[in-house]
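Have a look at the structure below, then the notes.
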Amino acid sequence: MIIKGGIVYDPANGIYGDEMDLFIDKGRMVEAAKGEEIDARGLLVMPGGVDAHSHIAGKKVNTGRIMRPDDARIGTEPRTAVCRPSTGYTVPNCYAMGYRYARMGYTTAFEAATPILEARHTHEELEEIPIIDKGALTLFGNNWQVMECVRDKDLTKLAAYVAWGLRAAKGYGVKIVNPGGGEAWGFGGNVKSQNDIVPNFDVTPAEIIVGLAKANEMLNLPHSIHLHFNNLGKPGNYTTAIETLDLLKDLKPSRMRQVVHVAHMQFSAYGGTSWRDFESKAPAIADYFNCHNHATMDMGQLLFGSATTMTADAPLEYGNARLTHNKWSNHDIELEESSGVVPMVYNRKMLVNAVQWAIGLELALLVKDPWKVLMTTDHPNGSPFVNYPEVITLLMSKPKRDLEMATLHEQVPKRTTLAGMEREMDWTDIAIMTRAAPARVLGLEDKGHLGPGADGDVSIYDLRPEEVDTSLDHVLVKKALANAKYTIKGGVVVSKEGQILATPPGRTFWVDAAVPQADTDRLMVDLEEKFAKYYSIQIANYAVQDAYLPHAQIIRAGLPVLSEVA
Amino acid sequence: MRTITIAPKNAFRISVEAENISTDKFAPLTLSQINSLVVWQGNRQKTLSDLFTVEGDDAPATTEETTIKLIGDYSQVKRIGEGMTAGVVEVQGNVGMHAGNNMKGGLLSIAGNADDWLAREMRGGKVIVMGNAGNYLGGGYRGEKCGMRGGEIEVRGNAGAYLGEHLCGGSIRILGDAGDFPGAANQGGTIFIGGSTYLPGAEMSKGTITVKGEAKVLPSFLKTEIVQVDGLAFQKYTGDNVDNGKGELMVGVGSS
Ligand SMILES: [Zn+2]
């Protein structure tokens with residue numbers, strides 16, 4: 001395949017809006033190829049989009065669907081010759097997830113939180129999401145085995161458990177959600193800071209985070225730890241964020257990437273002492289990111305309208321349910337996690353919601369290096385991912401932000417710094433925040449760029465970067481981003497002008513990390529006892545079988561010297 | 001005034017989804033354009049003229065000036081008058097499920113009976129049923145927090161169970177009996193039931209429910225005073241106290 005004459009943005013390879021031809025052969029980018037020609041003359045061309053934090057599969061997504069038949073009604077689309085039927089808006093069915101990402105020019109999305117015990121369900125759903133490539137992060141932050149290893153300062157056993165857990169869950173990386181708090185919630189409690197003792201375990205959240213970060217680097221995993229802070233969603237929580245990040249600043253990464261990725265930073269950049277004096281602390285957070293290089297974040301942008309909050313942070317969801325009097329699902333995951341789901345409507349006339357909206361944008365605009373900030377809405381917590389074009393145009397257009405600001409609570413300019421912010425992002429910034437950076441943050445070497453050997457994932461938009469004024473023509477830009485002119489996945493045109501043309505199955509990435517057998521042997525003694533005493537299932541039935549991942553893509557990790565041992 | 005008359009060509013064994021039979025959809029179209037509007041029968045897409053005969057004035061008119069007359073049996077035809085904002089839809093027989101749902105204005109009059117979900121999530125306008133109505137009249141569809149928010153519904157006969165579930169506004173008047181749980185989770189609408197019912201107002205937080213006949217009242221309602229309305233005595237209750245509700249429930253005294 002030849003893509004002719006596009007204006008290409010491929011920041012990972014130092015290409016910033018050059019007119020050039022691209023070639024794809026056997027699903028990969030190459031230097032030259034023959035075949036089908038796609039006319040992209042003068043049009044915006046970028047690598048396929050990569051979403052590093054989204055909730056697209058698994059038990060909590062499905063709980064959201066079950067709780068929200070009202071949501072299923074929105075976004076219903078009948079089947080076509082190519083597509084199966086779509087339903088839903090904040091919690092779409094599996095098919096719709098694939099079609100809607102593909103229409104926007106996205107070709108990869110990662111599910112951000114799966115307990116090992118429920119990973120089988122996650123993979124059943126991931127397999128049913130067509131077109132896009134996927135992966136799932138595995139939850140470790142409230143796991144009994146993890147906390148015991150941390151308490152005993154047995155780092156090699158902890159690394160062995162992380163490797164074992166990733167293999168059992170067919171997971172991609174280490175997710176930590178409100179460490180210690182999810183376990184405390186099993187007894188109706190929570191932790192109030194990263195230095196609180198987790199009930200019954202004699203460890204602190206700080207020790208869990210640092211322990212898992214060390215194990216992560218010991219295992220040379222492609223992704224860093226992926227962290228949802230303690231106190232997320234609470235006024236005044238920005239100090240927790242900064243103090244927690246400071247715990248990790250001297251750790252050496254095992255690869256060319258961050259040591260910690262912060263999930264949906266917006267929800268942890270809050271000032272004030274209550275919702276009454278609630279204000280943005282985005283400038284303090286951005287300042288920290290500008291002065292340090294060990295951390296990246298994704299925005300977790302909130303948009304007005306319908307959302308469904310879902311997280312392993314169960315005490316947070318209890319608070320949401322109390323606040324909104326809305327439906328609430330609360331769930332305990334044995335020795336591993338807790339979780340909750342609450343539907344939500346964000347209202348532009350509510351001061352708190354309006355400030356939250358501004359904080360996400362402030363963070364992205366104040367952090368100078370776009371490689372440190374991924375564009376996300378923490379789908380569907382801040383807004384469904386179909387609204388990414390709205391977020392992108394807000395970042396690119398000050399007039400659009402001003403138009404929105406004019407409709408918000410009058411206090412917003414006093415409680416945030418957004419009104420005075422002149423920065424307008426360009427296509428290089430956007431290509432980094434939606435393609436190059438998420439791929440680098442996740443450690444996906446063949447994603448997010450268009451160099452030879454990269455996956456043949458390309459999106460072409462009906463926009464002429466050399467003509468369109470992204471500041472003034474934001475309506476046009478948003479429309480063009482919503483339906484790519486072409487989305488090419490692995491060298492196949494999967495979507496054209498919003499029409500899905502082909503639905504190849506996507507791959508699922510997971511990480512197999514090698515560790516010394518002796519460490520695994522020590523670990524198994526602990527695990528066999530836990531399964532015998534506490535788990536509701538047998539250890540032999542615990543791990544996700546290979547049959548659940550017919551399109552698996554295994555990435556090897558672990559200490560290189562150990563690869564022969566395992 | 002433009003009048004368009006529609007009649008089914010055959011009796012439908014498989015039900016028809018016909019949200020396009022509405023004054024708003026018809027108003028700007030000529031007859032031949034109306035004929036080619038999409039309807040679904042089961043999983044087959046069809047045009048209106050495949051299933052119905054369409055007659056009347058050819059020239060487009062405003063929605064206010066549009067009247068649709070439905071002749072014959074529509075008990076297997078769903079979603080008639082969905083979202084209509086003005087004009088009149090006159091059904092001379094029975095009508096299928098979800099008629100007048102999300103209606104915002106105008107008049108939907110039904111000479112026969114209406115099936116379930118009539119005028120669910122209605123915002124405004126008026127619905128009159130000369131016969132009986134099915135379950136979930138004026139309610140909110142599965143998962144929805146608000147049912148009817150405005151407008152008026154009148155049923156001359158009886159209504160089924162769960163009428164006005166999640167009611168957020170507007171008024172519903174049933175002259176006959178109502179099935180179980182009328183006004184469940186009522187958040188601010190008004191319901192009048194001329195006959196009898198069972199367990200009205202469960203989980204209601206606001207609004208008023210008046211039952212002229214007999215009603216079994218939930219134990220979570222607090223009995224207050226006897227009040228006179230239009231010369232009739234009613235026992236007043238407040239509740240539902242399970243949800244700290246401030247709703248008013250009035251049940252006729254001495255009718256039994
Ligand atoms: Zn998330």
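So what is the diffusion coefficient of the stretch B:99-247 in µm² per second by Stokes-Einstein at 25 °C and 0.890 mPa s, using a Kirkwood Rh over Cα pairs?
Approximately 167 µm²/s, per Stokes-Einstein.
Within 14 Å, Cβ to Cβ, of B:Arg79, how many net charges do the neighbouring residues add up to if Lys/Arg are +1 and Asp/Glu are -1?
Net of charged neighbours comes to -3.
Packing-wise, with mean Cβ within 10 Å as the measure, how do B:181-194, B:120-133 rank, highest first?
Going from most to least packed, we get B:181-194, B:120-133.
Over all alpha-carbon pairs of the stretch B:1-66, lay out the pair-distance distribution in 5 Å bins, whole %, shortest bin first.
In order of increasing distance, the bins hold 4, 18, 30, 23, 14, 8, 3, 0 percent.
Just order A:444-455, A:272-283 by mean Cβ neighbour count inside 10 Å, highest at the front, would you?
Per-residue mean Cβ counts within 10 Å order the peptides as A:444-455, A:272-283.
So how much accessible area does A:Cys94 have, in Å² to the nearest 10, using a 1.4 Å probe?
20
Lys and Arg at +1, Asp and Glu at -1: add these up for the other residues within a Cβ distance under 11 Å of A:Gln545 and post the number.
So the surrounding residues net to +1.
Mind checking the dipole of the protein assembly as shown: about its Cα centre, +1 per Lys or Arg Cβ, -1 per Asp or Glu Cβ, Debye to the nearest 20?
940
Where nothing but the Cβ of Lys and Arg (+1) and of Asp and Glu (-1) is charged, how large is the charge dipole of the stretch B:57-167 around its Cα centre, in debye to the nearest 20?
400
Based on the alpha carbon coordinates of chain A, what radius of gyration and maximum Cα-Cα distance (Dmax) apply, in Å?
Values for chain A (Cα only, Rg and Dmax): 22.3, 67 Å.
To the nearest 10 square angstrom, how much accessible area does A:Tyr16 have with a 1.4 angstrom probe?
For A:Tyr16, solvent-accessible area is about 120 Å².
Per DSSP H run of n ≥ 4, the term is -39500 (n - 2.57); total these for chain B, divide by its residue number, and report the mean residue ellipticity at 222 nm rounded to 500 deg cm²/dmol.
One gets -1000 deg cm²/dmol as the mean residue ellipticity at 222 nm.
Partner chain Cβ atoms within 10 Å, averaged over the residues of B:144-157 - can you pull that number for me?
1
Compute the orientation-averaged projected area for the stretch A:313-387 from the convex hull of its Cα atoms and round it to one decimal in nm².
Result: a mean projected hull area of 6.7 nm².
Under a 1.4 Å probe, what is the accessible area of the stretch B:2-219 per residue, stated in Å²?
38
Could you rank the peptides B:153-160, A:518-525 by their average count of other C-beta atoms within 10 Å per residue, with the highest value first?
B:153-160, A:518-525
To two decimal places, what compactness ratio does the stretch A:502-551 give when its Cα radius of gyration is scaled by 2.2 N^0.38 Å?
Dividing the Cα radius of gyration by 2.2 N^0.38 Å gives 1.60.
With Kirkwood's inverse mean 1/r over C-alpha pairs for Rh, give me the Rg to Rh ratio of the stretch B:2-219, two decimals please.
Rg/Rh: 1.01.
Around B:Leu107, under 14 Å between beta carbons, what's the net of Lys plus Arg minus Asp minus Glu among the other residues?
Net local charge, B:Leu107 excluded: -3.
Residue by residue through A:71-82, how many Cβ atoms from other chains fall within 10 Å of the Cβ on average?
Average neighbour count from other chains, rounded to a whole number: 1.
What are the membrane-span-like helices in chain A by this rule: whole DSSP H runs, Cα extent along the axis at least 18 Å, mean Kyte-Doolittle hydropathy at least 0.5?
Flagged H segments are A:155-169, A:205-218, A:351-366.
For chain A, what is the calculated [θ] at 222 nm in deg cm²/dmol (nearest 500), taking -39500 (n - 2.57) for each run of four or more DSSP H residues and dividing by its residue count?
That comes out to -9000 deg cm²/dmol.
Can you list, largest first and rounded to whole Å, the semi-axes you get for the stretch A:412-566 by taking the square root of 5 times each eigenvalue of its Cα gyration tensor?
For the stretch A:412-566, the ellipsoid semi-axes come out as 44, 23, 18 Å.
Taking all pairs of distinct Cα atoms, average 1/r, flip it, and tell me the Kirkwood hydrodynamic radius of the stretch A:1-144 in Å to one decimal place.
17.4
Quick one: how many lysine pairs in the stretch B:2-219 have C-alpha atoms under 25 angstrom apart, if they're 8 or more apart or on different chains?
25
For the protein assembly as shown, build the charge dipole from Cβ charges (+1 Lys, Arg; -1 Asp, Glu) around the Cα centre, then report which of A:Asn200, A:Ile500, A:Gly88 sits farthest towards its positive end.
Comparing the listed Cα positions along the dipole, A:Gly88 ranks first.
Please name whichever of B:Asn135, B:Gly207, B:Gly106 sits farthest to the positive end of the charge dipole of the stretch B:2-219, dipole taken about the Cα centre and charges placed at Cβ: Lys and Arg +1, Asp and Glu -1.
Among B:Asn135, B:Gly207, B:Gly106, the one farthest towards the positive end of the dipole of the stretch B:2-219 is B:Gly207.
Mind grabbing the base-10 log of I(q)/I(0) for the stretch A:194-314 at q = 0.09, 0.20 Å⁻¹? Debye formula, identical points on the C-alpha positions, no solvent, two decimal places.
Per q value, in the given order, log10 I(q)/I(0) is -0.26, -1.20.
May I ask you to list the lysines whose Cα is less than 20 Å away from that of A:Lys368, ignoring any residue fewer than eight positions away on the same chain?
Within the straight-line limit of under 20 Å, A:Lys368 reaches these lysines: A:Lys249, A:Lys281, A:Lys398.
What average count of beta carbons from other chains do you get within 10 Å of the Cβ of residues in A:64-70?
2
State to the nearest 20 debye the size of the charge dipole of the stretch A:250-335 about its Cα centre, where the only charges are +1 on K and R beta carbons and -1 on D and E beta carbons.
I would put it at about 160 debye.
So which aspartates and glutamates pass the test for B:Lys246, namely a Cα distance under 16 Å, with those fewer than 8 places away in the same chain ruled out?
Straight-distance partners of B:Lys246: B:Glu203, B:Glu225.
How high is the relative contact order of chain A, in percent, with contacts defined as C-alpha pairs under 8 Å that are six or more residues apart?
Once normalised by length, the contact order is 21 percent.
The values are calculated or read from the model by the stated rules, or taken from the named source; none is laboratory data. All of these numbers come straight from a predicted model, not from anything done at the bench. Virtual Cβ from ideal backbone geometry, glycine too; neighbours counted across all protein chains shown. With ligands, DNA and RNA removed, areas are computed over all heavy atoms of the protein, side chains included. Shrake-Rupley method; radii C 1.70, N 1.55, O 1.52, S 1.80 Å.
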